[in-house]
Every structure is written in C-alpha cells, then in structure tokens.
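The values are calculated or read from the model by the stated rules, or taken from the named source; none is laboratory data. Just so it is clear, the structure is predicted and the values come from calculations on it, not from any experiment. We place every Cβ from the backbone using ideal geometry, glycine too, and count neighbours over all the protein chains shown. Surface accessibility is based on the protein's heavy atoms, side chains included, excluding ligands, DNA and RNA. Shrake-Rupley method; radii C 1.70, N 1.55, O 1.52, S 1.80 Å.
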Amino acid sequence: MAMGVCRSDELRSSRPVWDAVLNGPARPAAKSSLAADDAVFPSLPCSSLAWTGIRSAATAFDTALELLGDPGEPFDTEVLDHLRDALVHASHAITVLAPARARRVDHALRMAWTAYSGADGHSASLATYAPFPVPLVVREAESLLRSRTFAATPRWTDTSSVRVAANLMMQRVADPELFEATARFLWESTPEELHLAVRDDAVTCAESVFATITHAISLWQRRSRPAPSVAEAIEASTAPQRSLFTRTQTPVDAFNTQAQGRRRLALR
C-alpha cells in the first residue's frame, strides 16, 4: 500500500505541469501546422477537436484523482470510469495531432462527420464535440472525404481513437507492455471486472492516462506553434507504427494479485 500512496502523490504533484497549456490560448498560432489543418474543415477544425479532447481528458483525470482520495478512505471503483473517459478524450486529441497530415485530417473529418451525424453507443464521447446533428455539416465532411479518395464508412468510434493513440503511445513509454495492459483493462473490462479492481490497479491505470494526456498536450504545443522544418516533418511522418491488441504472445497481466511487486510506467 505504501507504494500506491507514493505513486498517487507523485501523480498529484505532477499534474500542474499541464496548466500552462490548459490556461493558455485555445487556438493555434497563424502559420502553424495545426492552423493549416484547420483550414481544411473550419466547421469543426482539428484544433477544436484536439482542444476539447485535452480539456475533457484533464477534467475527467482531475475528478479521478479527487475520487482516489487518501489511502485510509474506502476505494471507489468509479475512479476507473473517469480514467476511462480521460483515456478516450486524450486519445481523440492524439489522433488528430500525432499522425502525418493527410491521416490526421482524415481522422478529424471522420470525427466531425460522426459527431454531427449523431453519436451512437460506439462513439458516445463524440457527443461532447457537437451538441446536436447538423446535416449540412455532415454532407460537407462527406464530400471532403470523397474528394480525398476515402471510400469506407466515415463513421468513427471511440475505440478507433483509443487504438490509434495507444499504438503511438507504445512507441514512447518505457514499458509498452504495461501500457497495453492498462489500456486493455480500462477499455475492455466489464463493469463487473472493474468492480474487482483495487486502489493500486487504479493508480497504475492513472499513470498510463497521465502519460497519454501529457503527450497530447506536448503535441498541442508543437502543432500550435509555427510549422517545423521540412526535415522535422519528414522524420515525424515516417516514424514506425506498431499494432495494438493484435499480438499473439501471452499479454502481460499488470493486475496479477499474486505478483510480488507491480510494474509501472515512468512519468515523463
């Protein structure tokens, strides 16, 4: 338990590093790469999707930390529901900020199409991004996708964002197998399975979510500033991709109660 105490305190003390961005402007600078992305679809631009995702993720994460409480208090598994919300919103932000331009714009157009079509049970979080259906915006997004030779269904899901973002995050964290395990646990567990979690499980998940939000904020800082050099853009767009949830080997069990000690992600 002492380990969990130390780690939750570390998360609380690390949390203010986001404030410089969260309290800053919600629009990208002129001539930034994000401003160029926004010009493709002003009705629901990439920057709005990213900013709303980051703010929603931070709000959910703060609620989770508050509910986590002190070690002497009863543990409420509702913490995991808020961490799950934080994960998906941070994933939306990463999905429209991290990939190469053509792909991130396609992602943003599909999110906009889905949000303004009316989010369903598989895309519930996108209701945050558009309060009601707007058929004109839907047709505009669909037309742009066709012009970009996108032939599949435009509908986007929360799972789509979680997969895209987790694939990218696994290239950045010190322990990718643990990150995959926590992402699986938060995203795929049933309410009954989440009810069996203990405080240290929640802290381990919170570390992964913290890393995800921190990366989303870092991407916002980079994309919202004047565009990088051509060499930097090429390096970012050619980074190797890894697949999430498709590996054949036995996945790591980050929540094995028989383990002598729990693995953790390095906070960055």
TODO: Can you work out the accessible area per residue across the stretch 13-62, with the rest of the protein chains kept in place, probe 1.4 Å, in square angstrom?
DONE: 42 Å²
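Order the peptides 100-113, 165-178 from the highest to the lowest mean number of other Cβ atoms within 10 Å of their residues.
On the way: 100-113: 21.6, 165-178: 18.9.
Per-residue mean Cβ counts within 10 Å order the peptides as 100-113, 165-178.
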- [ ] Take the alpha carbon gyration tensor of the stretch 66-137, find the square roots of its eigenvalues, order them as a ≥ b ≥ c, and report rounded if a/c is under 1.5; if not, report prolate when a/b exceeds b/c, else oblate.
- [x] oblate
Open item on the list: Using a probe radius of 1.4 Å on heavy atoms only, what accessible surface per residue do you get for the stretch 103-162? Whole Å² is fine.
Closed with: 48 Å²
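Counting Lys and Arg as +1 and Asp and Glu as -1, what is the net charge of the other residues whose Cβ lies under 15 Å from the Cβ of GLU140?
With Lys, Arg at +1 and Asp, Glu at -1, the net is +1.
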TODO: Could I have the simple spin-label model distance between LYS31 and SER13, label points 7 Å from Cα toward Cβ, reported in nm to one decimal?
DONE: 4.2 nm
Open item on the list: Within the stretch 84-198, what whole-number % of the accessible surface is contributed by carbon and sulfur, with the 1.4 Å probe and all protein chains included in the calculation?
Closed with: 56 percent
Task: Derived scalar couplings ³J(HN,Hα) [the stretch 160-177; Karplus, 6.51 cos²θ - 1.76 cosθ + 1.60; whole Hz; x for Gly, Pro] - done: 4, 5, 4, 5, 4, 5, 5, 4, 6, 5, 5, 7, 10, 7, 5, 10, x, 5
TODO: In nm, give the distance between the simple-model label positions of LEU22 and ALA102, each being 7 Å from the Cα along the Cα-to-Cβ direction.
DONE: 3.7 nm
Open item on the list: At R0 = 30 Å, how high is the FRET efficiency between SER218 and GLU66 if r is their beta carbon distance? Nearest 0.05 is fine.
Closed with: 0.80
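Between HIS122 and PHE150, what is the FRET efficiency for a Förster distance of 22 Å, r being their Cβ-Cβ separation, to the nearest 0.05?
Result of the calculation: an efficiency of 0.70.
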Open item on the list: Given points 7 Å out from each Cα along the Cα-Cβ axis, report the HIS195 to ASP76 separation in nanometres with one decimal.
Closed with: 1.7 nm
- [ ] For the stretch 111-175, just say rounded, prolate or oblate: build the C-alpha gyration tensor, square-root its eigenvalues into a ≥ b ≥ c, call rounded for a/c under 1.5, and beyond that prolate if a/b exceeds b/c, oblate if not.
- [x] oblate
